[in-house]
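A.B. asks: Submitted below is the structure of interest, expressed as structure tokens.
The values are calculated or read from the model by the stated rules, or taken from the named source; none is laboratory data. This one's a predicted model, so the numbers in the text were calculated from it and none came from an experiment. A quick note on method: Cβ atoms are made from the backbone with ideal geometry, for glycine too, and the neighbour counts reach across all protein chains shown. All accessible areas refer to the heavy atoms of the entire protein, side chains included, with ligands and DNA or RNA removed. Shrake-Rupley method; radii C 1.70, N 1.55, O 1.52, S 1.80 Å.
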Amino acid sequence: MTKVSFFGAAGEVTGSNFLIETDTDKYIVDCGLFQGRDTISELNDQPLAYDPSTAGAVIVTHAHLDHIGRLPVLVRHGYRGPIFATEATIELATIFLNYALGLAEERSQREGAPLLYEEVDLNRALHQFQAVPYHKPHRLNGNDQFTLYDAGHILGSASILLQAGDKKIIFSGDIGHWPSPLLAAPEPPPTADLVVTEATYGGEEHEGSDNRVEVVKKALEWTSQNNGVLLIPAFSIERSQELLFLLHELFEKHQLPRMPIFLDSPLAIEALAVFERHMELYRREVVQDEHGGHNLFDFSSLALTPTVEDSKDINQAPHPKVIIAGSGMMAGGRIVHHLKHYLSRPDTYLLVIGFQAPGTLGSAIIGGAKQVHIHGQQVAVRAKVEVAEAFSGHADNSELMQWLRGIEMPPGGRLAIVHSEPDRAEKYLTFVKNHLPAANIIIPKIGTSVEV
Ligand code: ZN
């Protein structure tokens, strides 16, 4: 008997955590933070529903905090075994877990909130990481094994094919949206008895998603003609590096007028080093073109501004210029200072490339607000605001289906839909049923199990 239990990302997008049990062994896939509304993030404080010390292995899909943020909690509660992931995932996870602990410590001092884990747990967890390459089966206990496949979502991201007991289970992780400027298209693992798939964009299609180059080109041309400032709020991994890559391409290949680009995010700057170390993970065309994959991020127009002083100096730099800064939802971080400075200027172009959660400054701006409050000040919105969906890091409905079609399943093979808001999960279920009538599909609730 092989059983899969859903302890996170069930009926919601975040908190990825699955327990797999055979007659003799236990494995854990992902252990992420619940993120979002308060009622969701309170789930982080709930005790684990199982004893992690009895698990034989933890396998991680990718470095986003909703997949890795509670790994130190497993360690705190006695898990001492290996934590398997790709090398790039381990390097990015090290950056993000340290960052997350810093934030949690600040919050704890401010609000007295208890810490989920201490530095000692984090350091232990980092030592338990073991790198596994794509496509190479890795032996676990007995005949059990797992293999990682490129999920094309962020650098190092993987889907997992786990063979446990005599059953094969695929965990999609997050599946990327393609074509991506840097990453290869997601590859579905070959076969499974149960597919546990994400459906963040179930039932939704990305509009105009093939033209990332055009979006950036238009923004650069406008900024140059208006001698203005191009502001791009960006999440610290993947989107920031993708933007730099595209900007570099536009300068080199399309001979657009060069202007200084400021990467104003300490996290994105740290992550950049990981991207430079793992060029083997880029899609083939990038590695084979005239750059040979080298110096992709090393060009004279790019300025990295890790310190607060460097960041403040950007204001003095002459126009035109490009500023890429976090956070992606404009809910905090250095972008807020730049918005305060530049949003009221008609020569500012604000390019919004990421999801803006309701209630954030970003959602007010893209909703057409004429005035916004920033740091207690009224700021008029006179900038040109452009929203582009092309940069989504998640597969849309058609792409999810295309990925799924690549997997061979036996009659009676099952599909469990996770990482999805309930309405989107339902939409994806209906869509798959229409196309694969024989599919046996469930939308598991948190805390429930399925026998494979
Ligand atoms: Zn992700």
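Yes/no matrix, rows are residues, columns are (1) over 25 Å from the mean Cα position of the chain (by Cα); (2) among the hydroxyl-bearing types (Ser, Thr, Tyr); (3) surrounded by fewer than 15 Cβ atoms within 10 Å (Cβ to Cβ):
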{"site": "Glu119", "(1), (2), (3)": "no, no, yes"}
{"site": "Arg124", "(1), (2), (3)": "no, no, no"}
{"site": "Phe129", "(1), (2), (3)": "no, no, no"}
{"site": "Asn141", "(1), (2), (3)": "yes, no, yes"}
{"site": "Tyr149", "(1), (2), (3)": "no, yes, no"}
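A.B. asks: Could you list, ordered by first residue, the pairs with Cβ atoms under 6 Å in which the first is in the stretch 182-205 and on the phi > 0 side of the Ramachandran plot and the second is open to solvent by less than 40 Å² (accessible area, probe 1.4 Å), at least 6 apart or interchain?
C.D. replies: If the second residue must be open to solvent by less than 40 Å² (accessible area, probe 1.4 Å), the pairs left are Gly203/Asn397; Gly203/Tyr428.
A.B. asks: Among the listed residues His394, His375, His435, which satisfies the condition of being at pLDDT below 95 and touching a strand residue (DSSP E or B) at 6+ places or on another chain (Cβ under 8 Å)? Walk me through how you get there before you give the answer.
C.D. replies: On the way: His375 fails: touching a strand residue (DSSP E or B) at 6+ places or on another chain (Cβ under 8 Å); His435 fails: touching a strand residue (DSSP E or B) at 6+ places or on another chain (Cβ under 8 Å).
Only one candidate qualifies: His394.
A.B. asks: Moving to a separate point now. Restricting to the stretch 51-79, count the residues that are buried (at least 17 other Cβ atoms within 10 Å of the Cβ) and either more than 16 Å from the ligand (Cβ to nearest atom) or charged (D, E, K, R) (or both).
C.D. replies: Residues meeting the conditions: 13.
A.B. asks: A further question on this structure: Would you pick out the residues in the stretch 50-68 that are closer than 14 Å to Ser16 by Cβ and either part of a helix (DSSP H, G or I) or modelled with pLDDT of 95 or more (or both)? Steps first, answer last, please.
C.D. replies: So the first thing to find is which residues in the stretch 50-68 are closer than 14 Å to Ser16 by Cβ, and the list is 58-68.
Selection gives Val58, Ile59, Val60, Thr61, His62, Ala63, Leu65, Asp66, His67, Ile68.
A.B. asks: Taking the condition within 26 Å of Pro233 (Cβ to Cβ) and among the acidic types (Asp, Glu), does Glu426 pass? Let's see the steps before the verdict.
C.D. replies: Working: within 26 Å of Pro233 (Cβ to Cβ): no; among the acidic types (Asp, Glu): yes.
It is false that Glu426 is within 26 Å of Pro233 (Cβ to Cβ) and among the acidic types (Asp, Glu).
Per-residue answers, yes or no, for (1) of a type outside the set (S, T, N, Q); (2) in a loop (DSSP other than H, G, I, E, B):
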residue: Ser311; (1), (2): no, no
residue: Pro318; (1), (2): yes, yes
residue: Ile323; (1), (2): yes, no
residue: Ala331; (1), (2): yes, yes
residue: His338; (1), (2): yes, no
residue: Tyr349; (1), (2): yes, no
residue: Gly354; (1), (2): yes, yes
residue: Gly359; (1), (2): yes, yes
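A.B. asks: Something else now. Restricting the search to the stretch 1-18, which residues are open to solvent by 10 Å² or more (accessible area, probe 1.4 Å) and either more than 20 Å from Pro358 (Cα to Cα) or assigned to a strand (DSSP E or B) (or both)?
C.D. replies: In the first step, residues of the stretch 1-18 are kept if they are open to solvent by 10 Å² or more (accessible area, probe 1.4 Å); the result is 1, 3, 7, 11-14.
Matches in the stretch 1-18: Met1, Lys3, Phe7.
A.B. asks: Give the residue that is nearest to the ligand (Cβ to nearest atom), with candidates limited to residues of the stretch 25-49 that are assigned to a loop (DSSP other than H, G, I, E, B) and out of contact with any Asp or Glu (no Cβ under 9 Å at 6 or more places or on another chain).
C.D. replies: We begin by selecting, within the stretch 25-49, every residue assigned to a loop (DSSP other than H, G, I, E, B); these are 25, 32-37, 46-49.
Filter once more, keeping what is out of contact with any Asp or Glu (no Cβ under 9 Å at 6 or more places or on another chain): 37, 46-49.
Values: Arg37: 18, Gln46: 22, Pro47: 25, Leu48: 22, Ala49: 23 Å.
Ranking the qualifying residues of the stretch 25-49, first place goes to Arg37.
A.B. asks: Starting from residues that are part of a loop (DSSP other than H, G, I, E, B) and in contact (Cβ under 8 Å) with a residue 40 or more places away in the chain, keep the ones in the stretch 80-114 and report whichever is surrounded by the fewest Cβ atoms within 10 Å (Cβ to Cβ).
C.D. replies: In the first step, residues of the stretch 80-114 are kept if they are part of a loop (DSSP other than H, G, I, E, B); the result is 80-82, 86, 112-114.
Still in the running and in contact (Cβ under 8 Å) with a residue 40 or more places away in the chain: 80-82, 86, 114.
Numbers: Arg80: 11, Gly81: 19, Pro82: 16, Thr86: 25, Pro114: 7.
Per the stated criteria, the residue is Pro114.
A.B. asks: Please pick out the residue among Asp30, Asp45 that is surrounded by 24 or more Cβ atoms within 10 Å (Cβ to Cβ) and charged (D, E, K, R). Outline the logic, then answer.
C.D. replies: On the way: Asp45 fails: surrounded by 24 or more Cβ atoms within 10 Å (Cβ to Cβ).
Unique residue meeting the criteria: Asp30.
A.B. asks: With respect to Phe171, determine if the residue is over 28 Å from Ser327 (Cα atoms), within 16 Å of the ligand (Cβ to nearest atom) and not β-branched (Val, Ile, Thr).
C.D. replies: Values: over 28 Å from Ser327 (Cα atoms): yes; within 16 Å of the ligand (Cβ to nearest atom): yes; not β-branched (Val, Ile, Thr): yes.
For Phe171, the condition - over 28 Å from Ser327 (Cα atoms), within 16 Å of the ligand (Cβ to nearest atom) and not β-branched (Val, Ile, Thr) - is met.
A.B. asks: Looking only at residues in the stretch 186-205 that are open to solvent by less than 10 Å² (accessible area, probe 1.4 Å) and small (Gly, Ala, Ser), which one is nearest to the ligand (Cβ to nearest atom)? If you could, list the steps in order and put the result at the bottom.
C.D. replies: Within the stretch 186-205, the subset open to solvent by less than 10 Å² (accessible area, probe 1.4 Å) is 189, 192, 194-199, 202.
Next, only the ones that are small (Gly, Ala, Ser) stay: 192, 199, 202.
Values: Ala192: 21, Ala199: 13, Gly202: 15 Å.
Top of the filtered list is Ala199.
A.B. asks: Could you list, in sequence order, the residues of the stretch 277-334 that are open to solvent by less than 30 Å² (accessible area, probe 1.4 Å) and among the hydroxyl-bearing types (Ser, Thr, Tyr)?
C.D. replies: Tyr282, Ser301, Thr305, Ser311
A.B. asks: Scan the strands (runs of 3 or more DSSP E) fully inside the stretch 373-440 and keep the ones with 2 or more residues being buried (at least 20 other Cβ atoms within 10 Å of the Cβ). Walk me through it before giving the result.
C.D. replies: Details: elements: 377-380, 384-387, 414-418.
Output list reads 414-418.
A.B. asks: Does at least one position in the stretch 212-234 carry a residue that is within 16 Å of the ligand (Cβ to nearest atom) and not acidic (Asp, Glu)? Full working, then the answer.
C.D. replies: Within the stretch 212-234, the first condition is being within 16 Å of the ligand (Cβ to nearest atom), and the residues that meet it are 234.
With not acidic (Asp, Glu) added as a condition, the list becomes 234.
There is at least one residue in the stretch 212-234 that is within 16 Å of the ligand (Cβ to nearest atom) and not acidic (Asp, Glu).
A.B. asks: Take Glu252 and tell me if it is part of a loop (DSSP other than H, G, I, E, B) and modelled with pLDDT under 90. Walk me through it before giving the result.
C.D. replies: Values: part of a loop (DSSP other than H, G, I, E, B): no; modelled with pLDDT under 90: yes.
No; evaluated as a whole, the condition is false for this residue.
A.B. asks: So Pro137 clears everything in (1) more than 18 Å from Glu242 (Cα to Cα); (2) open to solvent by less than 40 Å² (accessible area, probe 1.4 Å); (3) touching a strand residue (DSSP E or B) at 6+ places or on another chain (Cβ under 6 Å) except one condition, right? Which one?
C.D. replies: Answer for Pro137: the failing condition is (2).
A.B. asks: Please state which one of Ile232, Ile269, Ile237 is in a helix (DSSP H, G or I) and either modelled with pLDDT of 85 or more or of a type outside the set (Phe, Trp, Tyr) (or both).
C.D. replies: Details: Ile232 fails: in a helix (DSSP H, G or I); Ile237 fails: in a helix (DSSP H, G or I).
Going through Ile232, Ile269, Ile237 in turn, just one is in a helix (DSSP H, G or I) and either modelled with pLDDT of 85 or more or of a type outside the set (Phe, Trp, Tyr) (or both): Ile269.
A.B. asks: Suppose we keep only residues that are open to solvent by less than 20 Å² (accessible area, probe 1.4 Å) and touching a Gly at 6+ places or on another chain (Cβ under 9 Å) within the stretch 165-185. Which one would you say is modelled with the lowest pLDDT? If you could, list the steps in order and put the result at the bottom.
C.D. replies: Kept after step one, since they are open to solvent by less than 20 Å² (accessible area, probe 1.4 Å), are these residues of the stretch 165-185: 169-177, 180-183.
Then keep just the ones that are touching a Gly at 6+ places or on another chain (Cβ under 9 Å); that gives 174-177, 180, 183.
Working: Asp174: 97, Ile175: 97, Gly176: 95, His177: 92, Ser180: 88, Leu183: 93.
Applying the filter and picking the extreme gives Ser180.
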